[in-house]
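Where a number appears in this text, it was derived from the coordinates with a stated rule and is not lab data. What you see is a predicted model, and the numbers here were worked out from it, not measured in a lab. So basically every Cβ, Gly included, is an ideal-geometry build from the backbone, and we count neighbours across all protein chains shown.
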Amino acid sequence: MSSQQDKPNRLDNLGSALDRSEIRQLRYMLNKGLRPVEAAKLLEKSPPKERQLLWNLLSQENEGKILQHLGDDIQTDILSRMDASELLLVTEGLDSDDMADILQQLPERVMKELLRIMDKQNRKRVEKLLSYPEDTAGGLMNTDTVTIRPDITVDTVLRYLRRHSEIPHTTDSLFVVSRKDSFIGLLPLTRLLTSDPQVMVREIMQTELEAIPADLPAQEVARLFEDQDLVSAPVVDEQGKLLGRVTIDDVVDVIREDADHSLMSMAGLDEDEDTFAPAIRTTRRRAVWLGINLITAFIASAVIGLFEDTLEQVVALAVLMPIVASMGGIAGSQTLTLVIRGQALGQIERSNIGWLFNRELISGALNGTLWALIVAAVAVAWFGDLTVGIVIALAIVINLLAGAMAGTLLPMILKSAGIDPALAGSVLLTTITDVVGFFAFLGLATLFYG
């Protein structure tokens, strides 16, 4: 318990030392006092100038360990200052999957140069990983595995393991393969240690777990780990040959990255964006998204412009107009978020989207009626005009129904078109609810006021 409480204190102490420029204390704490993941967090929360100072204080043996825990944006920035020989020293000793992740942040020319000067065994392992997209099981896997044959005894396996100084990190099972390296089953370490030494591996191995295809998407891999409570799982090619294994730490990274992606994409940002990135880089990235939003704002403004005469005639409409768009936007966002979450969890498919669509329409109609009556009463009391109350009540119901429909269907349409719903959904939804809300409100007002 106390060690958990000490972690924030150590980070705070390091931050204080940074403020006081106590270089000796900084160097000791970075290399000895903090775990790599804690040092990475400190680097991520430091502005660029201080971050570079901290990086320069790291010992060479710790650079690679810390680098693998940094976000892609910061990794790229640090790696861009190194040549191929420095990169080789930094990545030396890392697991093959972590090394492949780092290499993917490099320009192609630098990556090829680094692969060229690697030793043959490491190069072969990394090239195998790089041949698969990083968001698949093949891209996640680690090639460091312990394999055994089914026709040997438990005692032979134990003697084989004792010849190694250590076994790969997070090894909970040994993989049983044929002489052609085809995956047959696995032998949990718990079963290995409690079995009779003279028993054959084939008698106690487990064959229920199916190996993961190398091209399976990372999100599906994470779902398998969740459903089956896995710590590690074998990865095979199309012929069933064992390629490597995916471990729980890789899956945790996938889950965290998916959460970051969903959160940041709603604002049009990259999930790996550096919180303390320079102003020019931040401005450039956000400018595109602001431009897209400006276009949608002009569309909504054009709709308002169609009813300029009506607005001049009834000033109350200009005052109440934002309420209609806002109510539709919030209702649509609630539905949109629910559907995108359902897609991410694999709960929503074409077979059940109809039921969900009807449910959201009913909910939109009920909420629309409730809040339409409340807003209409306020509008009538405020402006003393019954017509204004009727117009805004009808417009709110219409826009909440539009928000419910758009929030349900947009993610499905975008996903089928190969577009990330989290990235484009909110912008399109806002445009739809603004346009429908303004058109319904001002159109009805024009009709009622003649």
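The amide H of VAL235, built 1.01 Å from its N in the peptide plane, has ILE212, LEU243, GLY244, ARG245, VAL246 as neighbours under 5 Å, considering only residues 5 or more places off or on other chains.
With loop membership from DSSP and a limit of 11 other Cβ atoms within 10 Å, the longest segment of the chain without GluC sites (Glu not before Pro) is 1-165. Here segment 279-449 is described by how far its Cα atoms reach on the three principal axes: 50, 45, 24 Å, from widest to narrowest. When the Cα convex hull of segment 90-156 is projected onto planes of every orientation, the mean area is 6.1 nm². Within the chain, the selection of entire DSSP H helices by a Cα span of 20 Å or greater along the long axis and an average Kyte-Doolittle value of at least 0.0 returns 279-305, 315-344, 350-383, 386-416, 421-449. Taking all Cα-Cα distances within segment 147-248, those exceeding 22 Å account for 30%.
Among the trypsin sites (Lys or Arg not before Pro) in segment 43-100, those located in a DSSP loop and surrounded by at most 10 other Cβ atoms within 10 Å of their own Cβ are ARG81. Taking the Cα centre of the chain as reference, the dipole from Cβ charges on Lys and Arg (+1) and Asp and Glu (-1) amounts to some 600 debye.
Working value for segment 316-382: equivalent-ellipsoid semi-axes of 31, 13, 7 Å, each the square root of 5 times a Cα gyration tensor eigenvalue, largest first. With R₀ fixed at 25 Å, the C-beta to C-beta distance from ARG162 to ILE248 puts the FRET efficiency at about 0.45. Close Lys pairs in the chain, defined as Cα atoms under 17 Å apart and 8 or more places apart or on different chains, number 14. For the chain, the alpha carbon positions stretch 92, 59, 48 Å along the principal axes, listed from largest to smallest.
Ranked by the mean number of other Cβ atoms within 10 Å of their residues, highest first, the peptides 403-412, 416-425, 71-80 come out as 403-412, 71-80, 416-425. In this rough spin-label picture, where each label sits 7 Å from Cα along the Cβ direction, the GLU92-LEU370 distance is 6.6 nm.
Residues whose amide H comes within less than 5 Å of that of ILE148, counting only those at least five positions distant or on another chain, are PHE175, VAL176, VAL177 (H built at 1.01 Å from N in the peptide plane). Per-residue ellipticity at 222 nm from helix content only, as computed over the chain with -39500 (n - 2.57) for each DSSP H run of at least four residues, stands at -22000 deg cm²/dmol. The alpha carbon centroids of segment 406-434 and segment 35-51 are separated by 36 Å.
Highest mobility in the GNM of the chain, judged by mean-square fluctuation with C-alpha springs under 10 Å and restricted to PRO48, PRO322, PRO234, is found for PRO322. Of all DSSP-defined beta bridges confined to the chain, some 80% are antiparallel rather than parallel.
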